[in-house]
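Data block below; observations after.
The values are calculated or read from the model by the stated rules, or taken from the named source; none is laboratory data. What you see is a predicted model; the values in this text were computed from it and never measured. Glycine also receives a Cβ, built like all others from the backbone with ideal geometry; neighbour counts cover every protein chain displayed.
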Ligand SMILES: C[S@@+](CC[C@H](N)C(=O)[O-])C[C@H]1O[C@@H](n2cnc3c(N)ncnc32)[C@H](O)[C@@H]1O
């Protein structure tokens, strides 16, 4: 499977791409408008667009650093690629990029977007607040540039930018975005919601959800009547209860033969969306 996103993402859902493609085919959603209100690394959205399953994607994330990166990919492609090409991948630069995240890079979306990219590719697991790969002394087996293949990453960015007329980017709260978009989108639309995890959200994202936020977004999702939606979460009782009247399946995010039960998550389907069978589903 090709990787289109230049970002590594904690909780990234790249593994679901084949499943969502099948879902689109079997629910006659080819050429749909695809909306990801919690896009993060946007690996699913990009695959659907670049492989021709969606004709337009709408990606949104409340995290300003993530937004700045995608904004730079789409609107300042050459400048971003030049920064990647010419900036050495060293601890000194890493420290400078950390400071840029704290200061907001003086309001420049390109500077902040590059800093997001740099830290995403040089930090453990791609987490912006985490430490650098190889440690401060660079004594680890892997060094700071272990995940920083400049040529390959620049190619990915340029490739995405060629589709920019089919990509809409927002930096909103998911609930606010939903309320402004819901009535404007065609019937042939698939929403994929991947909100911050119920349990682990706090560790992974700067913007995690409270109990009330989980409830609020569920109220918004339940208002989608015309279009279709899919939702994924950690597999916990409060979420199952919140969506009890909808079709639910358990799936193994880290599915591999013989390892069922590890990393189980929950999928919820809108009434008008039929689940498809795959070995991922428990
Ligand atoms: C589980 S991650 C999404 C991962 C994504 N599906 C991927 O494959 O890379 C959740 C994302 O939601 C974002 N987020 C948190 N609160 C939000 C909100 N209120 N509105 C929009 N995005 C939010 C976080 O910044 C994070 O990127």
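Kindly list the number of the only condition in (1) within 18 Å of the chain's Cα centre (by Cα); (2) crowded, with 16+ Cβ neighbours inside 10 Å; (3) assigned to a helix (DSSP H, G or I) that fails for residue 154.
The single condition residue 154 does not satisfy is (1).
Does residue 111 satisfy the condition of being out of contact with any strand residue (DSSP E or B) (no Cβ under 6 Å at 6 or more places or on another chain), surrounded by fewer than 18 Cβ atoms within 10 Å (Cβ to Cβ) and in a helix (DSSP H, G or I)?
No, not satisfied.
From the list 91, 74, 169, pick out the single residue that is farther than 23 Å from residue 40 by Cβ and touching a strand residue (DSSP E or B) at 6+ places or on another chain (Cβ under 8 Å).
Just one listed residue meets the conditions, 91.
Select the helices (runs of 4 or more DSSP H) contained entirely in the stretch 1-104, then report the ones holding at least 1 residues which are buried (at least 20 other Cβ atoms within 10 Å of the Cβ) and within 16 Å of the ligand (Cβ to nearest atom).
17-26, 43-50, 64-75
One residue is enough: does the stretch 128-149 have a residue meeting the conditions closer than 21 Å to residue 73 by Cα, under 15 Å from the mean Cα position of the chain (by Cα) and assigned to a loop (DSSP other than H, G, I, E, B)?
Scanning the stretch 128-149 turns up at least one residue that is closer than 21 Å to residue 73 by Cα, under 15 Å from the mean Cα position of the chain (by Cα) and assigned to a loop (DSSP other than H, G, I, E, B).
Can you go through 134, 140 and tell me which one is exposed (fewer than 15 other Cβ atoms within 10 Å of the Cβ) and over 14 Å from residue 96 (Cα atoms)?
Just one listed residue meets the conditions, 140.
Got a sec? Which of 215, 241 is within 15 Å of residue 194 (Cα to Cα), at pLDDT 95 or above and either out of contact with any strand residue (DSSP E or B) (no Cβ under 9 Å at 6 or more places or on another chain) or away from the ligand (no atom under 16 Å from the Cβ) (or both)?
215
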